[in-house]
Amino acid sequence: MATAAAVSGALGRAGWKLLQLRCLPVTRCRPALVPRAFHASAMGLRSSDEQKQQPPPSFSQQHSETQGAEKPDPESSHPPPRYTDQGGEEEEGYESEEQLQDRILTAALEFVPTHGWTAEAIAEGAQSLGLSSAAASIFGKDGSELILHFVTECNARLTRVLEEEQKLVQLGQAEKKKTDQFLRDAVETRLRMLIPYIEHWPRALSVLMLPHNIPSSLSLLTSMVDDMWHYAGDQSTDFNWYTRRAMLAGIYNTTELVMMQDSSPDFEDTWRFLENRINDAMNMGHTAKQVKSTGEALVQGLMGAAVTLKNLTGLNQRR
């Protein structure tokens with residue numbers, strides 16, 4: 001029995017670390033082809049990493065250590081760029097170029113329902129801040145940075161919601177939910193953030209599946225499910241630590257795909273599908289025979305999702 005447990009643990013660590021290694025080179029959650037830095041703040045907003053009880057250091061901890069070890073960017077010593085507003089005056093008042101980028105991208109989200117995840121939405125966002133639409137030229141044209149910014153912000157919002165729920169339970173002002181109900185509510189809360197953009201979300205997912213965006217996408221996904229299990233009270237230290245996270249990532253991805261094709265009122269069919277998948281997962285034993293490699297299973301699931309997304313967005317149609 002001890003030998004089997006050791007083998008299971010080794011398999012799990014190898015799988016999850018494989019997934020981590022795919023993500024670690026991307027320390028700023030940005031596509032590599034974009035010439036300017038785009039900083040993803042989701043990892044830094046996790047306020048309770050030190051309280052986690054996990055067998056290895058969590059992905060977010062390794063990610064933070066990697067960032068801390070990086071040498072300062074030579075460009076960071078340069079004075080921040082100046083942008084011209086619509087009146088021809090040079091715009092200042094931002095602490096850094098990175099902060100300005102974040103503000104432009106946040107403002108651009110208001111225009112995504114009209115323009116999609118495009119440079120046009122970013123230009124409108126810049127203009128809404130009193131800047132010239134030319135400020136949008138600091139971003140790539142495929143919308144990657146805008147999409148990654150949105151996912152980062154959604155993950156941060158979810159973390160704040162889960163933190164607040166945890167505080168209410170600790171203060172005795174709310175009852176602690178059962179694990180299955182907690183996870184169901186957490187996934188639904190996160191997915192509901194997509195509703196204002198649901199018409200354009202299939203295209204967003206297809207962009208996130210592009211090769212240069214996959215490491216960033218996986219990084220944000222693993223961080224999100226890690227947070228969900230942490231606030232659910234997961235204290236496992238065996239093979240289940242890995243399989244639970246891979247399982248929840250798979251449930252999130254498949255429910256997301258169902259949601260994009262759901263026409264029922266308030267996405268009732270989606271939430272029913274989610275509840276059934278959570279119940280199935282809670283009732284299923286996680287053994288080494290069922291999950292050979294956590295990282296491999298998750299990556300294969302994402303590749304299958306990529307095919308579905310291509311079909312949804314018409315990218316597989318013959319011309």
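Miscellaneous remarks
- Per-residue 3J(HN,Hα) values for the stretch 191-205, derived from phi via the Karplus relation 6.51 cos²θ - 1.76 cosθ + 1.60 with θ = phi - 60°, read 5, 5, 5, 7, 3, x, 10, 4, 4, 9, 6, x, 5, 4, 5 Hz in sequence order (x marks Gly and Pro).
- What the phi angles of the stretch 234-240 give under the Karplus curve with 6.51, -1.76 and 1.60, with θ = phi - 60°, is a coupling list of 5, 10, 5, 10, 10, 4, 4 Hz, glycine and proline written as x.
- Farthest towards the positive end of the charge dipole of the stretch 82-228, among the residues 219, 189, 136, is the Cα of 189, using unit charges on the Cβ of Lys, Arg, Asp and Glu.
- Only Lys, Arg (+1) and Asp, Glu (-1) charged, at Cβ; the stretch 97-226 dipole about Cα centre in debye: 360
- Each residue of the stretch 165-170 was assigned a 3J(HN,Hα) from its phi angle through the Karplus curve 6.51 cos²θ - 1.76 cosθ + 1.60 (θ = phi - 60°); the sequence is 4, 4, 4, 4, 5, 5 Hz, with glycine and proline shown as x.
- Per-peptide packing, taken as the mean over residues of other Cβ atoms within 10 Å, places 151-159, 218-226 in the sequence 218-226, 151-159 from highest down.
- Each Lys or Arg adds one and each Asp or Glu subtracts one; over the other residues with Cβ under 11 Å from the Cβ of residue 136, this totals -2.
Laboratory data are not the source of any read-out in this text; all were calculated from the coordinates shown. All figures in this text were calculated on a predicted structure; none of them were measured in a lab. Please note: Cβ atoms are built from the backbone with ideal geometry, for glycine as well, and neighbour counts cover all protein chains shown.
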